[in-house]
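A single structure is presented below for examination.
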Amino acid sequence: MLDDVSLLVRPPFTAAGDTVLLIGQSTPGLAGSAYAELAGLASEDSPPSLDLEREVALQSFIREAIGRRLVASVQDVSGGGLAVAIAECCIWSGLGARLRLGISGSPAIELFGESPSRLVLSCRPRHAASVELLARQFGLPSAVLGTVGGERLRIELTGQGATGAAEERGSRVADALDVAIGDLRHTWDHGLARALGVEPSPSDSDPGRGMTAPGGEAD
């Protein structure tokens, strides 16, 4: 499918010290999301909107950015929202990240809303400014979230919505997310077994768990 296989870019983070960016912005709406299935819906929830022109711009942007060799990894935000997209980048690479996410409204929407037309990408620090400039040229918002590295995923919430006042359905949802990559991997690896009600106890788990190949699916 690719004329030049050297331009293949996958979701897993590739190197400690890389810069993590979010391209695109969340839109209100939790209806239909994995979070809503677990926590329930509030009266104001609706499905997130889809802007086809913005989606075209996003796809054009990432093709151009990859073509210029500015991107080390890229993952779309889809099922589970931004927090899950980032977690997958960590799980599949074995690399953690330390990030800061500005919250203007509901932490649940920012972290777990499934609004489309968003990408999580990593790049060498020297390329971050070029990535943001290219995003602006395509009319897309961008934000530097933090840095790849370590053995944990930590997402610190900042801004007006980070107190949790706008979020009443989740317990402690506005606290920083701080999870060991090994724990994330174990949860992801056992997703199918958990869904089928046959998840083994931790004492019965395979000591070699976590060796799922990047891109494998658990459900």
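The values are calculated or read from the model by the stated rules, or taken from the named source; none is laboratory data. All values derive from a computational prediction rather than experimental measurement. Cβ atoms come from the backbone with ideal geometry, glycine included; neighbour counts cover every protein chain shown.
Looking at this structure, is Ile66 part of a helix (DSSP H, G or I), among the β-branched types (Val, Ile, Thr) and within 15 Å of the chain's Cα centre (by Cα)?
For Ile66, the condition - part of a helix (DSSP H, G or I), among the β-branched types (Val, Ile, Thr) and within 15 Å of the chain's Cα centre (by Cα) - is not met.
Here is a follow-up. In the range 104-153, how many are under 16 Å from Gln59 (Cβ atoms) and among the charged types (D, E, K, R)?
Result for the range 104-153: 1.
Given the criteria within 23 Å of Val179 (Cα to Cα), buried (at least 18 other Cβ atoms within 10 Å of the Cβ) and either at pLDDT below 95 or not polar (S, T, N, Q) (or both), does Ile23 qualify?
Taking the combined requirement at face value, the residue does not satisfy it.
Any chance the range 3-12 includes a residue that's within 13 Å of the chain's Cα centre (by Cα) and touching a residue at least 60 places away in the same chain (Cβ under 8 Å)?
yes
When you scan the range 22-38, do you find a residue that is acidic (Asp, Glu), touching a residue at least 40 places away in the same chain (Cβ under 8 Å) and either assigned to a loop (DSSP other than H, G, I, E, B) or over 21 Å from Cys89 (Cβ atoms) (or both), even just one?
No; the residues of the range 22-38 include none that is acidic (Asp, Glu), touching a residue at least 40 places away in the same chain (Cβ under 8 Å) and either assigned to a loop (DSSP other than H, G, I, E, B) or over 21 Å from Cys89 (Cβ atoms) (or both).
Take Ser117 and tell me if it is at negative phi and in a loop (DSSP other than H, G, I, E, B).
So Ser117 does not fit the description; no.
Pull up the range 185-205, narrow it to residues that are farther than 23 Å from Gly94 by Cβ and in a loop (DSSP other than H, G, I, E, B), then point me to the one that is modelled with the lowest pLDDT.
Checking each candidate, the answer is Ser201.
Considering the range 85-99 alone, what residues qualify as being of a type in the set (D, E, K, R) and within 9 Å of Gly149 (Cα to Cα)? Break it down stepwise before answering.
Step one: list which residues in the range 85-99 are of a type in the set (D, E, K, R), which gives 88, 98.
Correct list: Arg98 only.
Which of the residues spanning the range 69-106 are aliphatic (A, V, I, L, M) and assigned to a helix (DSSP H, G or I)? Let's see the steps before the verdict.
Filtering the range 69-106 down to residues aliphatic (A, V, I, L, M) leaves 70-72, 74, 77, 82-87, 91, 95, 97, 99, 101, 103.
Scanning the range 69-106 gives Leu82, Ala83, Val84, Ala85, Ile86, Ala87, Ile91.
Please enumerate the residues belonging to the range 131-157 that are charged (D, E, K, R) and outside any loop (DSSP other than H, G, I, E, B).
The answer is Glu132, Arg136, Arg152, Arg154, Glu156.
What tally of residues in the range 104-144 results from selecting those that are of a type in the set (A, V, I, L, M) and buried (at least 21 other Cβ atoms within 10 Å of the Cβ)? Outline the logic, then answer.
To start, the set of residues in the range 104-144 that are of a type in the set (A, V, I, L, M) comprises 108-109, 111, 119-121, 128-129, 131, 133-135, 140, 143-144.
When the remaining residues are screened for being buried (at least 21 other Cβ atoms within 10 Å of the Cβ), the result is 108-109, 111, 119-121, 131, 135, 140.
So the count comes out to 9.
I'm checking my understanding of the structure. Among residues of the range 163-175 that are surrounded by 16 or more Cβ atoms within 10 Å (Cβ to Cβ) and closer than 20 Å to Ala87 by Cα, which one is modelled with the highest pLDDT?
Of everything passing the filter in the range 163-175, Ala174 is modelled with the highest pLDDT.
With at pLDDT 95 or above and farther than 29 Å from Ala195 by Cβ as the only criterion, which of Phe13, Phe61 stands out?
Numbers: Phe13 fails: farther than 29 Å from Ala195 by Cβ.
Every option except Phe61 fails the conditions.
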